[in-house]
Structure formats: C-alpha cells, structure tokens
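Each value in this text was obtained by applying a stated rule to the coordinates, not by laboratory testing. Since the structure is predicted, the reported quantities are computational estimates derived from the model, not experimental observations. Note that each Cβ is placed from the backbone with ideal geometry, even for glycine, and that neighbours are counted across all protein chains shown.
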C-alpha cells in the first residue's frame, strides 16, 4: 500500500496516508481501538473497497477487485445453514464450476487437518462455534490463495478454543507459505501470530513492530519473556496514540 486513503461520503476520512508493505509468506497483524479504521483497511486490501487516494499492489499488479488469489475470513463464520460442511468448504469452487473429484478431495483434506473429517456431512447448526470457525478457515483456503485476510475471526470464542484456532491457522499458513493480514483488537493474539504488528489510530498506521519470537510457536511462547516484552511494546504504542489524541 502506498499513501492509501478512503472516505465514506459525508464523513471524515476513515483511512489516511497508509503505507504498508507485506512480504510473501509473512504474517502481519493490525491492531487498534474500535473505530480506528482496521476493518475498512482490510476491505481495501481485499479489493472490496477502492481507495480514494494512493494505490494498492499485489503480486506486482494493481489490486482492483477480489479474486481467487485472495481468501477472506469474516468476524462470523457466515456459513450457509442449508449446506453441509463439505459443501460450505467447496462454495468458492461451486460458484465457478462443479467441483472436480480432486477439489472435493482437497476440501476433505482441509477438514481432516482441522479435525473435522467426521463432520463433513453435518450442517452448521450441528457444530460448535469453534468448529464453524474452522469450516470458515477451510473455505477460505480451498482455492489456495496467495493472500489470506482475516477480520477478528476468533473474537467470539472462548480463550482455549481461540488459542487452538490460532495454532491451526499458523500451521496451515506456514505449510502453504500463505501471506496473511489479520485484524484483531487482542494484543496477545497479534503478538503470538505475527511476524510484524501494525498499530492503527484514527485511520493511520502509526507504528510497525517486529516480532522476532522463534517459530513454530506454542504454549511456552505465551509465557516467554520475549512475548511479554512485545505485548508491552504494542500496548505502549496504543496508549501513546491515545495520549497524543
């Protein structure tokens, strides 16, 4: 992103002068207070909105619209209640053509990796919240996107399930070398997941913080000195933005 800005008609700017570089295979998290413009910026990165100012490039081309190279996971799983789990995962394929046996097998493999192989024939109402979130993740990965964008996908889950899903996400994306942009209001979640954390305030990215914790990450990471230090650094950056405002 280069000097990206966006304004809803009749309102002050929501995103202002954002510069953001994300390398291939990197995991970036975006944190900030409610209403600071995080979700709008993610929609711009996905091509769901078009910037009023600046430009966004992806794989050396200007990003103009969503496409199969991009996967998106929303705040709620948004599964189709009348479709079985396997059909929900295959939905992005079904919108283009009838799924091939190879694509169906890939969907089944994704479900197996996420511990849902036995639930492929179930309906969403038969799943827990965590299981529905795993289905949404599998659906986002079915087209093997180069870039995965997630908007607070685990916010409504209990702490243990959220941590399990964080580990699932890291494993799946590391295995596929998927580039990730992840929006969250949870500082600990951002530090645990990310290679870099961007702090947003009043429509601007005000600080980029590198997270050099070893990978793969696990339970010991969450109590390590480095983890606590990085969380404090992000918290301080958010607090300083509030004081400056």
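Numbers for the structure displayed
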read-out	value
Helix 101-113 vs. the chain, principal-axis angle (Cα, 0 to 90°, nearest 10)	60 degrees
Size descriptor, Kirkwood hydrodynamic radius, that averages inverse alpha-carbon separations across the stretch 133-201, Å	12.5 Å
Antiparallel content of DSSP bridges confined to the chain, in %, to 5	40 percent
Cα shape, the stretch 70-144, gyration tensor, a/c 1.5 rule	rounded
Length-normalised contact order of the stretch 70-144 in % [C-alpha pairs under 8 Å, at least 6 apart]	51 percent
Diffusion constant of the stretch 85-127 at 20 °C, which comes from Stokes-Einstein with the Kirkwood Cα-pair radius and 1.002 mPa s, µm²/s	204 µm²/s
Kirkwood-type radius of the stretch 100-245, with distances r between different C-alpha atoms, in Å	16.7 Å
Residue 125/residue 8 FRET efficiency (R0 30 Å; Cβ-Cβ; nearest 0.05)	0.30
Peptide ranges 28-41, 152-165 listed from the most packed, as the mean C-beta count within 10 angstrom indicates	28-41, 152-165
Alpha-carbon radius of gyration plus Dmax, which is the widest Cα pair, for the stretch 1-134 in Å	18.0, 50
Ratio Rg/Rh, restricted to the stretch 163-206 and using Cα atoms, in which Rh is the Kirkwood radius	1.01
Label-to-label distance, nm, for residues given as residue 219 and residue 102 (7 Å Cα→Cβ offset)	4.1 nm
Dimensionless Rg/Rh of the stretch 163-245 - Kirkwood Rh, Rg from C-alpha atoms	0.98
Value at 222 nm in deg cm²/dmol, rounded to 500, when DSSP H runs of n ≥ 4 in the chain each add -39,500 (n - 2.57)	-11000 deg cm²/dmol
Sorted by Cβ density within 10 Å, fewest first, the residues 169, 111	111, 169
For the stretch 1-28 and the stretch 145-208, distance of Cα centres in Å	17 Å
Helix 159-176 vs. the chain, principal-axis angle (Cα, 0 to 90°, nearest 10)	80 degrees
Estimated inter-spin distance, residue 75 and residue 112, nm [label 7 Å along Cα→Cβ]	3.6 nm
Fully extended contour minus Cα-Cα distance, from residue 167 to residue 48, at 0.36 nm per residue	40.1 nm
Proxy reagent accessibility, fewest Cβ within 10 Å first, across 133, 128	128, 133
Residue 65 paired with residue 175, simple spin-label distance in nm, labels 7 Å along Cα-to-beta-carbon	3.3 nm
Exposure proxy ranking, count of Cβ atoms within 10 Å, fewest first, for 168, 60, 212	60, 212, 168
Cα-based equivalent ellipsoid of the chain: semi-axis lengths in Å, sorted from largest, via gyration tensor	30, 22, 16
